[in-house]
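Notes for the one structure printed next.
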Amino acid sequence: MREATEHGLATKNALLQTKGRIFAVDYEKTDGTFRRVVARLHVSKGVKGTGPGYNRAVYIKVFDMHKRGFRTLILDQIVGPIKCGKIIEVKTE
């Protein structure tokens, strides 16, 4: 089971700053390829209500606007800044 890291927590805080607005972020998939996702948080339409089966400190669920479905991103694998009208840099001390 994955553990939460400082980078992952800082990334999650930066994503929560978008407050449900559409954002773009680059991330590395588990197979090693890179992908840009245009998504938003706090989408409730189409949610089944079964609850997450994962650690919320390590993963975050987003609604992918291009694929029109929910995706679970690993916070540690998000690379680059979050673009949401302005660029949000992820800072870890």
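The values are calculated or read from the model by the stated rules, or taken from the named source; none is laboratory data. Remember, predicted model here, so these are calculated numbers, not experimental data. We place every Cβ from the backbone using ideal geometry, glycine too, and count neighbours over all the protein chains shown. For the accessible areas, the whole protein counts, side chains as well, though only heavy atoms, and no ligand, DNA or RNA atoms are used. Shrake-Rupley method; radii C 1.70, N 1.55, O 1.52, S 1.80 Å.
Give, as ranges by residue number, the residues of segment 22-40 whose backbone N falls under 16 Å from the point 7 Å along Cα→Cβ of H66.
What the label zone holds, given the 16 Å backbone N cut-off, is 22-30, 33-40.
Only Lys, Arg, Asp and Glu count, each charged at its Cβ (+1, +1, -1, -1), so figure out the dipole size of segment 1-58 about its Cα centre, rounded to 20 debye.
400
Skip the ligands, DNA and RNA, and give the accessible area per residue of the chain with a 1.4 Å probe, whole Å².
Averaged over the residues of the chain, the accessible area is 67 Å².
Using amide H atoms built in the peptide plane, which far-off residues or other-chain residues are under 5 Å from V90 H to H?
Under 5 Å from the amide H of V90: I82.
How large a share of the accessible area of the chain, in percent, is made up of carbon and sulfur atoms when the probe is 1.4 Å and the other protein chains stay in place?
Carbon plus sulfur share of accessible area: 50 percent.
What fraction of the DSSP beta bridges in the chain is antiparallel, stated in percent and rounded to the nearest 5?
Among the beta bridges of the chain, antiparallel pairing accounts for roughly 100 percent.
Quick one: of K67/K91; K19/K48; K48/K83; K19/K86; K48/K91, which pairs are farther than 25 Å apart, Cα to Cα?
K67/K91; K48/K83; K48/K91
Output the relative contact order of the chain, whole-number percent, from Cα pairs under 8 angstrom with separation of 6+ residues.
37
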